[in-house]
Amino acid sequence: MAARTETGRPSSESFLVAFHRAHPGCTSEAFARGRIDGGGSSYHLLADVVPAAPGGARVLDLGCGDGHLLELLTARGLPPSALAGIDLSGEELDRGRARRALSASALVQCRAQELPFAAGSFHAVLSHLAFMLMDDIEEVVEEVVRVLAPEGTFATVVGGGPKVGDSFELFLDLLAPIRRRVGSPTPRLGDRRCLREEGLHELLGRAAGFEGPPRIDDFAVDLRGTADAVWRTLSTIYEMHELPADARAELHGRFVPAALALSDDGVTVPCSMFVRRVVATRR
Ligand SMILES: C[S@@+](CC[C@H](N)C(=O)[O-])C[C@H]1O[C@@H](n2cnc3c(N)ncnc32)[C@H](O)[C@@H]1O
């Protein structure tokens, strides 16, 4: 059970709410421009596994943020009224509601551990870079199994860390001593099992209500760009929240020249992050 604040909310959830109030839309800004093998983004990895269903699949996005994935599904022809998203953050959901493509979709502020949907409501439950942040993960899995129809698909993209030798690793290496010096309010987020193969097998296997072990595939997301673009992407990671302005400026001053030194053409900075797609089928 996660540590709680005096309101009863896990402290990690209070952190996430505060962070996304300050930076709504930051995940899609960073990752919609990411590319996998020169093709689509990491959001496409999830859109690609939505099962076909007569009249269009009913899909729920857990931790939907600003609705980027849901809008991508409407662009692929899924009826907006068949799409739903939930998130802890009111500010993220407001951005989703501002998307015209989602005006007929249900965007609900709630915890993934307590879903306000009837049993068997969805053909697919998706979660992009959110499932791995959730506390009380067994409760989330129980809810996913409950709201999925038999043979429905649960698919999540979880983060897998930086590629050795490029600017994301450099950024984390420069940030670590600064955070140790100034202190950091970032709590431990999510359940480590979501990041390990054995942990995912334990969470999403037969005992939890799925057909068998989940299918797991790893991908590198190419987030290369100018030093400015890469800084914008990396400087909204959770570990940067409430970093004092002078510490931020110090990091920026060290990062930009060192990142440019990694560039082949003096302009484009290499930046990659590994992600893992996990797909499980409900029994
Ligand atoms: C890194 S963001 C990803 C947002 C979106 N899926 C995307 O990729 O653009 C993680 C999101 O998960 C949400 N979240 C984390 N834990 C949650 C929970 N227990 N219930 C609902 N939403 C949660 C956060 O509020 C945040 O918007």
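Listing for the model above:
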| read-out | value |
| --- | --- |
| Gaussian network model of the chain, springs between alpha carbon atoms under 10 Å - residue of ALA84, ALA220, ALA258 with greatest fluctuation | ALA258 |
| Over the chain: helical MRE at 222 nm, DSSP H runs n ≥ 4 each giving -39500 (n - 2.57), nearest 500 | -10000 deg cm²/dmol |
| Degrees, to the nearest 10: 137-147 long Cα axis against longest axis of the chain | 40 |
| Inter-label distance, nm, simple model (7 Å from Cα along the C-beta direction), ASP264/GLU151 | 4.7 |
| Nearest-ten-degree value, helix 245-260 long axis tilted from longest Cα axis of the chain | 80 |
| Qualifying trypsin sites (Lys or Arg not before Pro) in the stretch 8-117, DSSP loop, other Cβ atoms within 10 Å at most 14 | ARG76 |
| With DNA, RNA and ligands ignored, accessible area of VAL267 (1.4 Å probe; Å², nearest 10) | 80 |
| Beta bridge orientation in the chain: antiparallel %, DSSP, nearest 5 | 55 |
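The values are calculated or read from the model by the stated rules, or taken from the named source; none is laboratory data. From a predicted model like this one, the values you see are computed outputs, not experimental measurements. We place every Cβ from the backbone using ideal geometry, glycine too, and count neighbours over all the protein chains shown. These area figures cover heavy atoms from the full protein model, side chains too; ligands, DNA and RNA do not enter into them. Shrake-Rupley method; radii C 1.70, N 1.55, O 1.52, S 1.80 Å.
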